[in-house]
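The structure appears below as structure tokens.
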Amino acid sequence: MGTRVSASMLRPLVVCGLLYGMDVPALAQAPAPVTPVDPPAVAETPHSKLIQSVTFSPIVAFAGADLRVIVRVQPDAGNRRLQLSVDAPTFYASTERQLDGMEGARAHTFNVRELPAGDYQIVATLEGSDGVRSRVTRSFKVMGEDDITQQEVRPPTQTRRRGRTN
């Protein structure tokens, strides 16, 4: 059975090797950590950072809740339309706003009412005269009765009170 060696485990060995004059080139170089990279939703272009953020509240929602989505957009002369879609297996809503290029607002608020339980995707798409300029996708879950575990109802336990009672 093999043992994984991390960089923190190698550091004392390297120090010991350097103190005692041992040649430890293999120990001195710990493998670089690999970070997974998600592919961009739209091909990387100079305009792909035009949607600065997509935030929503509440973070934890139960069936029947209302959702507020705020999309922050970098004003740009090429911005023409902002489209927002909220999609789940049993629910779909979509809306769009016309943008005024450089004079357009930075923050756009969208409200979606009475969401049923399910796994959702929010997709914000910024379009220009030449097509899609930027797209951001976020996921969240609306909890339903199936997601809430039914716990056994126990009668409250009696606690002893200290001090005088009248």
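Residues of region 50-101 that are closer than 28 Å to G118 by Cα and acidic (D, E): D66, D87, E96. Criterion first (in contact with a Gly (Cβ under 7 Å, 6 or more places away or on another chain), of a type in the set (A, V, I, L, M, F, W, C) and over 16 Å from P58 (Cβ atoms)) does A124 satisfy it? Spelling it out, it is not the case that A124 is in contact with a Gly (Cβ under 7 Å, 6 or more places away or on another chain), of a type in the set (A, V, I, L, M, F, W, C) and over 16 Å from P58 (Cβ atoms).
Rule-based calculations on the coordinates, nothing more; no lab input. Since the model is a prediction, treat every value here as computed from it, not as a measurement. As a convention, Cβ positions derive from the backbone with ideal geometry for all residues, glycine included, and neighbour counts pool all protein chains shown.
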